[in-house]
Amino acid sequence: MLTFGGVVALGAMSPGPDFAVVLRRSVLAGRAHGMASAVGVAAGVFAWAVAAATGVAALVAVTSVAFTVIKLVGAGYLVYLGVNALRSALRSGDFRSGPNPGSTVEPGLWGAFRDGLLCNALNPKAAIFFVALLPQFLPAGAGLVSMLTLSLVAVVITTAWFITVANVVATARRVLSRPATRRFIDGMSGTVLIGLGVRLVFTTAR
């Protein structure tokens, strides 16, 4: 259990679209939005973990049509988020109160949750990750309960990490809210998201 948790923690901490989404939401809209994105990311992790436990993720990983469809939709969504961030970086506005008026970040906690959920749920690499990872930490003949237990461990660790990120970033928001800093974060996160989306297009199931 501890080894599995360590592997999941390293995976969660590695830079990726989840981190970019939580970081940007926390800077532009505050702690609550960052935490909502974190919960969305965790929900996406839970969906793939359950899919791996029930065999659905394995089917996606080996079925070229399903894998390609999820891959292209996910890549398109990442590019969409990245383009919005770059558009926001090119806009000027008064950042001193509330969310950036020139930002293209959708208001409301639902939008933050949805961004976190979709950037993870539409990533077929998560399916491959859990299909390859879960069996290595389960005894022979393990039942659904054992697999779901590991899935919950993955969700708890992912939630804890990204909520920590959201809170740390929100605490430093006074500094990060400077117009030049926000434009830099928008530009950086937009470039990263678009790059990850393009990279996802060339991901193969095997």
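The values are calculated or read from the model by the stated rules, or taken from the named source; none is laboratory data. Values in this document were obtained by computation on a predicted structure and should not be read as measured data. Methodologically, a virtual Cβ is constructed for each residue, glycine included, from the backbone with ideal geometry; neighbour enumeration extends over all protein chains shown. Just so you know, the surface numbers come from the protein's heavy atoms only, side chains and all, with ligands and any DNA or RNA stripped out. Shrake-Rupley method; radii C 1.70, N 1.55, O 1.52, S 1.80 Å.
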message: Taking the condition of being buried (at least 22 other Cβ atoms within 10 Å of the Cβ) and at pLDDT 80 or above, how many residues in segment 166-191 meet it?
response: 1
message: Report every pair of residues separated by at least 6 positions or lying on different chains whose Cβ atoms are under 7 Å apart, first residue within segment 149-175 and over 15 Å from Ser37 (Cα atoms), second open to solvent by 70 Å² or more (accessible area, probe 1.4 Å) and outside any helix (DSSP H, G or I).
response: Val153/Met1
statement: Here the residues within segment 4-38 that are in a helix (DSSP H, G or I), of a type in the set (Gly, Ala, Ser) and surrounded by fewer than 23 Cβ atoms within 10 Å (Cβ to Cβ) are Gly5, Gly6, Ala9, Gly11, Ala12, Ala32
query: Hey, does segment 118-139 have a residue that's modelled with pLDDT of 85 or more and either open to solvent by 60 Å² or more (accessible area, probe 1.4 Å) or under 17 Å from the mean Cα position of the chain (by Cα) (or both)?
result: yes
